[in-house]
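First up is the structure itself, then whatever we jot down about it.
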Protein chains: 2
Amino acid sequence: MEITRRLARYIVTSEPSHIPDAARREAVRSLVNWLGCAVGGSQHEAVEHALAALEDYQALPQATVFGRRERLDIMHAALVNGISSHVFDFDDTHLRTLLHPSVPVASALFALAERRRISGPDFLHAFIVGVEIESRIANAIFDNHNTDWYITGTTGPFGAAAAVGKILGLTEERMTWALGIAATEGAGLRQMAGTMAKSLVHGRAGQNGLYAALLAAQGFTSSVDAIEGARGFAKVIGGVADLTDMLQGLGDTYEIELNTYKPYACGVVAHPVIHGCMRLREQHGLQASRIRGVALHVHPQALKLTGIKAPRSGLESKWSLYHSAAAVLVRGAAGEHEYAEDCVRDPTIVALRDRITASEDRRLRQDEAHIRIELDDGLVLECHVEHALGSVDSPMSNADLAVKFRGLVEPILQPEATDRLLQLCWALPELEDVTKIARASVPR
Amino acid sequence: MEITRRLARYIVTSEPSHIPDAARREAVRSLVNWLGCAVGGSQHEAVEHALAALEDYQALPQATVFGRRERLDIMHAALVNGISSHVFDFDDTHLRTLLHPSVPVASALFALAERRRISGPDFLHAFIVGVEIESRIANAIFDNHNTDWYITGTTGPFGAAAAVGKILGLTEERMTWALGIAATEGAGLRQMAGTMAKSLVHGRAGQNGLYAALLAAQGFTSSVDAIEGARGFAKVIGGVADLTDMLQGLGDTYEIELNTYKPYACGVVAHPVIHGCMRLREQHGLQASRIRGVALHVHPQALKLTGIKAPRSGLESKWSLYHSAAAVLVRGAAGEHEYAEDCVRDPTIVALRDRITASEDRRLRQDEAHIRIELDDGLVLECHVEHALGSVDSPMSNADLAVKFRGLVEPILQPEATDRLLQLCWALPELEDVTKIARASVPR
C-alpha cells in the first residue's frame, strides 16, 4: 500500500479553503499556548547551555530566539526554540498518542519565516497540515511505541518537513523525499526522562524536519516508501505493519481539533491527580502538616511514565506523581515554579511526598483518577476526577490559556509587552508577516 | 550493570601511551582511506544538493569542506564531510558489524580541529578511542540490528561524541552525558539504501556526536544510564539485554585493528563476487558478448543487502550484486565510475546483468563466494573466492591504499597536490596541527 507518496500528495494539494473553522480556531489556540511556553522556557538553564554550546559554532543572526536577545541562524533557532518551548513540559498534547504536536512544526515554521516571508494564513495552513501528518503517523504507531520512544522525536520531523515543504511549494516527488528524509532522522529515547536531553529530542524534531524539507527542495533524494517499506519507519521504529488507518479520512478530519493544553507543567498523565488534589485542597483548606497519608489510584500509564519516587532535579520532578501531588497539596499550584529546583528540595514537600502511595487501576481512563487523603484526626477525604482540566472533554478556555500565557511570559517581557504579544498571537490569522510575533517576543 | 559511566571513565582516563603500535598504524591507514573517500566524493550531486540547501542558512566560514573551496561552520562541515566521505560507499568497514568506523569520528574531529588546534598525536588518540566506543556498542547490538538499521547512524554518534569529548577534556560526568545525548540521537533506516539519504544518515552521525559533546561540555544533562537503562539504547534500538561483552578487555584490545578498506565502491557484502569475477575476466580474457549466463553463490547477507535486480540509479547500483558482477565483467573494474549513472544505463552491462542469477549458500562465510560462468560455446568457468581482497584475512596493503587514494583524489586535485595530501595523511602522527591536511585538500 502506497503511504508516503499519498501523504505527500495530500500535503501538496491541500488548500486553505479545505480547512474547517474548528481546525483553524484550534490551531490558533495551539500557537498561543506554544508561544507562551517558548518565551516562558527561554531562560531555563537547558537553553542557556545550548546557547553557550552553539555560540562559537554557528553564525548569521538570522532568526529570533523567542524571549531572548540572541539571534541564531535558522537551523539553530529551530533547535533552541524547540528546546525552550518544551523544557517546562508545559506545551500541548495530542492525548491519544501523547504527541506534542506544536513543538516541531511551530519551531521549524517560525525559523523559516525569518528568511522567507510567511503570511498568517499561509502559516496557519502549513501548521495544520504539518500537525495532521505527524498525528496520523503517531496514531498508527503509538501503541507499541510510547513506552520506549518519545513519539514527538520520531514523528515530529514528518510534521515539520510537511509544513516547511508546503511553504516552499515542493512538488509531490520532492515532498515524498522530504518525508523520507524525515523518516530516517526520527529519534528519542524515553530513558532521557528528567534530563535536559528530553527537550533536546523535541527541539531536534523540528530542526530535522526543517533540514529534510530544505534538502529535498534541492533534489536530495530518499526512499519513496520510507514509511511503509519493509525496512521503513512504521515497521522498524513503530513496530507495526497495518497502516490502513493512516489515510482514512485524510483531508476530511483534522487531528488539530483533538489538541489539548496543559494547565500543569509536567507529564500529562499526572494531571488527573493534580486536578483532584487541587480540588481537595481548595474545598477543605487542607494543610500539609495535617495529612497522614495520600493514596492515589491512576491509569497504568501514569505510573509507568511518572512513577519516580524521589526526584533529584526540577526536570525529574515532572515525572513524579508523588512530587506533583505533594507540591500541589502544599502550594496549591503546579506551574513551572512547582517544578523548579528549590521546590524539589522543599522539606515540607519532600516529607509529604514520602507519605504518598500510588497504585494502578486498569478501569480508569487516562484522564481519570481517584484520590484518598487521610488526615491526622482520622478523617478521610476522597475525590474522583472524571476528566482532568485540559483534556478533550474538559478543555482549557481561551481565558484559561491567556492566564497561562501571562504567567509564563510576564516575568520575561513585563505586562504591557506580554499583552501585545498575546494579542498578536490571537491575531495570527490576519498577519501579513508572522515575524511580527517573533520580534514582539524579544525583551527590550 | 553500569555501562555508560564505565565507558565514559575509560574515555576520560585513556592515555596515548596505552595504545599499541598496531592500533596506531591501522588508525593512520583508516584516515588515509577516509580522506581519499572524502575528497573523491566531494563533487557528488548529493554534496552539491546539501551545500545548496545549506547555503542560505548557515554561516561562518570556519571549516573546510574537503576537496572543495566552500567553507562552512563546523557543525555543517562535519555533516557535509560525512556525506561526501560515504556517498561512494567506498569508506571503511568493521566487518563483524558492518559499521563504517571512520566517517562519524573523522568528520567530527576534523571539523573541531578548525576551531581548536589539535595535534596529530592527540587526533590519533581521540580517533582510536572514538572508534573503540562505537565498535564496542556495535558489537553488542549488530546481530538483531543490521537488517533494519544503519549501524553507523545509530552507534556512530557515540564514537564522535567520545572523540570530541576526549579533545575537549570532559570530566567523567560530562562524558557520561555526552554519550547519553549521543544515545538519544541515533537514527538511520536501511530503507534509504540506494538514495542520497543513506549518506545523510552517515554524515549526521558525526554531526550529532559533535553536538552531543559540545552540549555536555556546557553542562547539558542526559540520562547517566542511556545505554543500559530499561528504556535505553541497547534495549530499544539494539534489541539486546546482555551487555557484559561491552566492557570485556576494554583498554586492552583495539577494534581499529579489525578495520578493513574497500577495493570496490559498493556494499562490502558484494565484494567476494566482484573479486571472483575480476579474477575470471583476467585469467580468461572474458568478453561479455560470449557469456551465456552467470550463477553466483553467496552468503545470505549478500543477497539480503545487495539483492536489487534492476537498479535505477548510480546509488542504487551499489546495492545490486547483479550490476556489480556485470560491471566488473564488462569493464574490469568496480570503482566509483562503475557505479555512476552512465554505467547503470550501459546497454552491454544491462544485458549481461539480466543473464546473472544469485542464490544464497549458508555454508559460505561473508567474505567468501562461488562464481560459475557459462560461455556461448558451452565452456564453464568457475572460481571460488576464499577471502575477498579488503577483508581482514586479505587486507589492502599501504600501496593498494595509495593507488585507491590517487584514483579518488587526482581528478579533483591534480597529481602533485594529491601526492602532497597523501604524504600529509601518512605523516598525521607527527603533525603539530591537523588542519594542514584540511587545507591541502582544497583545490587551487
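For chain A, give the magnitude of the charge dipole about the Cα centre (Cβ charges: +1 Lys/Arg, -1 Asp/Glu; no others), in debye to the nearest 20.
440
May I ask for the distance between the Cα centers of the stretch B:1-37 and the stretch A:232-291, given as a whole number of Å?
That distance is 45 Å.
Could you state the number of Å between the C-alpha centres of the stretch B:157-185 and the stretch A:136-150?
Cα centroid to Cα centroid, the span is 28 Å.
Pick from A:A182, A:A427, A:A163: which residue has the top mean-square fluctuation in a GNM of chain A where Cα pairs under 10 Å get a spring?
Its mean-square fluctuation being the largest, the pick is A:A427.
Under the rule of at least 5 residues apart or a separate chain, name every residue whose amide H is placed under 5 Å from the amide H of B:I227.
Here the answer is B:T4, B:F233, since their amide H atoms fall under 5 Å of that of B:I227.
Once phi is turned into ³J(HN,Hα) by the Karplus curve 6.51 cos²θ - 1.76 cosθ + 1.60 with θ = phi - 60°, what whole-Hz value does each residue of the stretch B:209-222 show in order, with x for glycine and proline?
x, 4, 3, 4, 5, 5, 5, 4, 4, 8, x, 6, 8, 8
Can you list residues whose amide H is under 5 Å from A:A369's amide H, if they're 5+ apart or on another chain and H is modeled 1.01 Å from N?
Residues meeting the amide H criterion: A:V385.
Taking the Cβ of B:V294 as the center, what net charge do the other residues with Cβ under 10 Å away carry, scoring Lys and Arg +1 and Asp and Glu -1?
Net local charge, B:V294 excluded: +3.
Helix-only estimate, please: 222 nm mean residue ellipticity of the protein assembly as shown, summing -39500 (n - 2.57) across DSSP H runs of length 4 or more and dividing by its residues, to the nearest 500.
-16000 deg cm²/dmol
About its Cα centre, how strong a charge dipole does the stretch B:216-259 have in debye, to the nearest 20, once Lys and Arg get +1 and Asp and Glu get -1 at the Cβ?
It comes to approximately 320 debye.
Provide A:T176, A:T97, B:T13 in ascending order of the number of other Cβ atoms located within 10 Å of each residue's Cβ, fewest first.
B:T13, A:T97, A:T176
Average partner chain C-beta neighbours within 10 Å, per residue of A:47-53?
5
Using Cα pairs closer than 8 Å and at least 6 residues apart in sequence, work out the relative contact order for chain B, in percent.
21
Please report, in debye to the nearest 20, how large the charge dipole of the stretch A:268-385 is about its Cα centre when each Lys and Arg carries +1 at its beta carbon and each Asp and Glu carries -1 there.
Here the stretch A:268-385 has a charge dipole of around 240 debye.
Please report, for A:E173, the nm distances (one decimal) from its label point, 7 Å out from Cα along the beta-carbon direction, to the equivalent points in the remaining copies, shortest first.
Sorted ascending, the copy-to-copy spacings read 5.4 nm.
What is the helix-to-structure angle for B:74-86, meaning the angle in degrees between its Cα long axis and the longest Cα principal axis of chain B, kept from 0 to 90 and rounded to the nearest 10?
Helix B:74-86 sits roughly 20 degrees off the main axis of chain B.
Leaving out same-chain residues fewer than 8 places away, which lysines sit with a Cα under 25 Å from that of A:K404?
A:K198, A:K262, A:K318, A:K436
Could you pull the copy-to-copy label distances for A:G249, with points set 7 Å along Cα to Cβ, in nm to one decimal and sorted shortest first?
The answer, with the shortest distance listed first, is 5.8 nm.
Hey, for B:K436 with labels 7 Å out along Cα-Cβ, what do the inter-copy distances come to in nm, ordered shortest first?
For B:K436, the other copies' label points sit at 5.9 nm, shortest first.
Assuming a ≥ b ≥ c are the square roots of the Cα gyration tensor eigenvalues, decide whether chain A counts as rounded (a/c under 1.5), prolate (otherwise, with a/b larger than b/c) or oblate.
prolate
Which one of B:M192, A:L381, B:P157 is farthest out on the positive end of the charge dipole of the protein assembly as shown, using unit charges on Cβ (Lys, Arg +1; Asp, Glu -1) and the Cα centre as origin?
Among B:M192, A:L381, B:P157, the one farthest towards the positive end of the dipole of the protein assembly as shown is B:P157.
Taking other Cβ within 10 Å of each residue's Cβ, how do A:W149, A:W426, B:W319 sort, fewest first?
In increasing order of surrounding Cβ atoms, one gets A:W426, B:W319, A:W149.
What distance in nm lies between label points placed 7 Å from Cα along the C-beta direction at A:H18 and B:H18?
Placing both labels 7 Å beyond Cα along the Cβ direction yields 5.8 nm.
Suppose each label sits 7 Å from its Cα in the direction of the beta carbon; what would the A:T357-B:S313 distance come out to in nanometres?
6.1
If we count other beta carbons within 10 Å of each Cβ, what is the order of A:S394, A:S135, A:S85, B:S222, fewest first?
Exposure proxy ranking, most exposed first: A:S394, A:S135, B:S222, A:S85.
Mind giving me the nanometre distance, one decimal, between the label points for B:D433 and A:H337, set 7 Å out from Cα along Cα→Cβ?
Taking the two extended label points, one gets 5.3 nm.
Averaged across the residues of A:231-242, what count of C-beta atoms belonging to other chains lies within 10 Å of each residue's C-beta?
Going residue by residue through A:231-242 and averaging, the value is 3.
Laboratory data are not the source of any read-out in this text; all were calculated from the coordinates shown. Given the structure is predicted, the values throughout are model-derived calculations rather than measurements. Here the Cβ is made from the backbone with ideal geometry for all residues, glycine too, and neighbour counts use every protein chain on show.
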